[in-house]
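Novice: I have a structure I would like to understand better, so I am pasting it below and will then ask my questions one at a time.
The values are calculated or read from the model by the stated rules, or taken from the named source; none is laboratory data. What you are looking at is a predicted structure, and each value in this text was computed from that prediction instead of being measured. Here Cβ is always computed from backbone atoms with ideal geometry, including for glycine, and neighbour counts include all displayed protein chains. The area values use the complete protein model at the heavy-atom level, side chains included, leaving out ligands, DNA and RNA. Shrake-Rupley method; radii C 1.70, N 1.55, O 1.52, S 1.80 Å.
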Amino acid sequence: MQELLQLPLQVQATLVAGYLGYTILKRDHRKTEKITDVSMLILVLGLPTALLIQFCKSPWIYLTVLIGPTIAIIWTKGLERLWTTMLHNQHISHRINEGDVWKTLSSDKSVTVTQIKVFHENGNCYCCHDTSEFDRLPFAPFIMDEDGIAFYVTDTFDKMTDQWIASSDVTLDNDSGSMITYFPREDVKRLEMRCKKPLQTNLLT
C-alpha cells in the first residue's frame, strides 16, 4: 500500500478510477477473476482518466476518477446485453449470456424471482413458495452469488417420507424475525427459480 501512495498522482487516479469501475463491473463474481484479467480491466477503465489528466491541468480534473465507475454502470445497465446480442446475431459468438448459468442467474437484476427450489445433494428439496412474503425483511427476498444461495425456506420435501413438510420455524414472531437458510453452491444439485419481469411504472402519470 505504501508503494502505491508513492506513485505519481496521475497513476494513482488512473488506478482508483479503474478499480472503482472494476468493483461495479465484477461485483458478483470477483473471486473467480484471474489477476491478468483484473489488471487489464482496471487499466482499460482507468484509461480515460489518465488521458484527461495528461492533457488537462485543472485541479478539478481529478474528479474524472468517477469516469471508471460511470462506464461500468452504463455497461451493466444495457451496453453489455447489446454487445453480446450483436456478436450473437453476427454469428461471431454463440453466447447470449455470461457463459456461466449460475453467474448469469446471480448477476441479472432485471427480473423478479417469485419462487425458489433447491435440490440438495442429501436428496431433499428446499423451497420458498412465495418470495414476496419476505420482501420487507433485511435480506429479502433472497441472496445469490458465486458462493451459493440463501433464502427463506417455507417447505421441505423429505425423501424419506416422500412428502412436503411446511417449515414451522421460518417465521416465529415479530421479535424473533424470520430465519434465512444458506446453501453452498457445491451442495446444490439442481436449482429451480420461477421468475418474471417487474411491472414498469409510468412516472408521468
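Novice: Only one residue in 96, 61, 92, 67 is touching a helix residue (DSSP H, G or I) at 6+ places or on another chain (Cβ under 6 Å), surrounded by fewer than 16 Cβ atoms within 10 Å (Cβ to Cβ) and either modelled with pLDDT under 75 or part of a helix (DSSP H, G or I) (or both). Which one? Even if it seems obvious, please write down each step before you answer.
Specialist: Working: 61 fails: surrounded by fewer than 16 Cβ atoms within 10 Å (Cβ to Cβ); 92 fails: touching a helix residue (DSSP H, G or I) at 6+ places or on another chain (Cβ under 6 Å); 67 fails: surrounded by fewer than 16 Cβ atoms within 10 Å (Cβ to Cβ).
Among 96, 61, 92, 67, only 96 is touching a helix residue (DSSP H, G or I) at 6+ places or on another chain (Cβ under 6 Å), surrounded by fewer than 16 Cβ atoms within 10 Å (Cβ to Cβ) and either modelled with pLDDT under 75 or part of a helix (DSSP H, G or I) (or both).
Novice: While we're looking at this one, here's another question. Which one of these does residue 153 not meet: (1) within 30 Å of residue 77 (Cα to Cα); (2) open to solvent by less than 60 Å² (accessible area, probe 1.4 Å); (3) assigned to a loop (DSSP other than H, G, I, E, B)?
Specialist: In the conditions (1) within 30 Å of residue 77 (Cα to Cα); (2) open to solvent by less than 60 Å² (accessible area, probe 1.4 Å); (3) assigned to a loop (DSSP other than H, G, I, E, B), residue 153 misses (1) alone.
Novice: Could you grab me the full set of residues in the range 117-130 that are of a type in the set (D, E, K, R) and buried (at least 16 other Cβ atoms within 10 Å of the Cβ)?
Specialist: Kept after step one, since they are of a type in the set (D, E, K, R), are these residues of the range 117-130: 117, 121, 130.
Scanning the range 117-130 gives a single hit, 117.
Novice: Name the pairs whose Cβ atoms lie under 8 Å apart, with the first residue in the range 131-148 and within 19 Å of residue 188 (Cα to Cα) and open to solvent by 50 Å² or more (accessible area, probe 1.4 Å), the second among the basic types (Lys, Arg) and part of a helix (DSSP H, G or I), and 6 or more positions between them or separate chains?
Specialist: If the second residue must be among the basic types (Lys, Arg) and part of a helix (DSSP H, G or I), the pairs left are 147/185.
Novice: Here is a check on your reading of the model: is residue 41 at pLDDT 90 or above and part of a helix (DSSP H, G or I)? Don't jump to the end; show me each part of the working.
Specialist: Numbers: at pLDDT 90 or above: no; part of a helix (DSSP H, G or I): yes.
It is false that residue 41 is at pLDDT 90 or above and part of a helix (DSSP H, G or I).
Novice: Can you tell me which residue is farthest from the chain's Cα centre (by Cα) among those in the range 156-171 that are outside any loop (DSSP other than H, G, I, E, B) and buried (at least 16 other Cβ atoms within 10 Å of the Cβ)?
Specialist: Step one: of the range 156-171, the residues outside any loop (DSSP other than H, G, I, E, B) are 156-158, 163-166, 171.
Now restrict to residues that are buried (at least 16 other Cβ atoms within 10 Å of the Cβ): 156-157, 171.
Details: 156: 27, 157: 29, 171: 27 Å.
Residue satisfying both the conditions and the ranking: 157.
Results for (1) under 15 Å from residue 194 (Cα atoms); (2) not polar (S, T, N, Q), shown as yes or no for each residue.
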| position | (1), (2) |
| --- | --- |
| 112 | yes, no |
| 115 | yes, no |
| 118 | yes, yes |
| 121 | no, yes |
| 159 | no, yes |
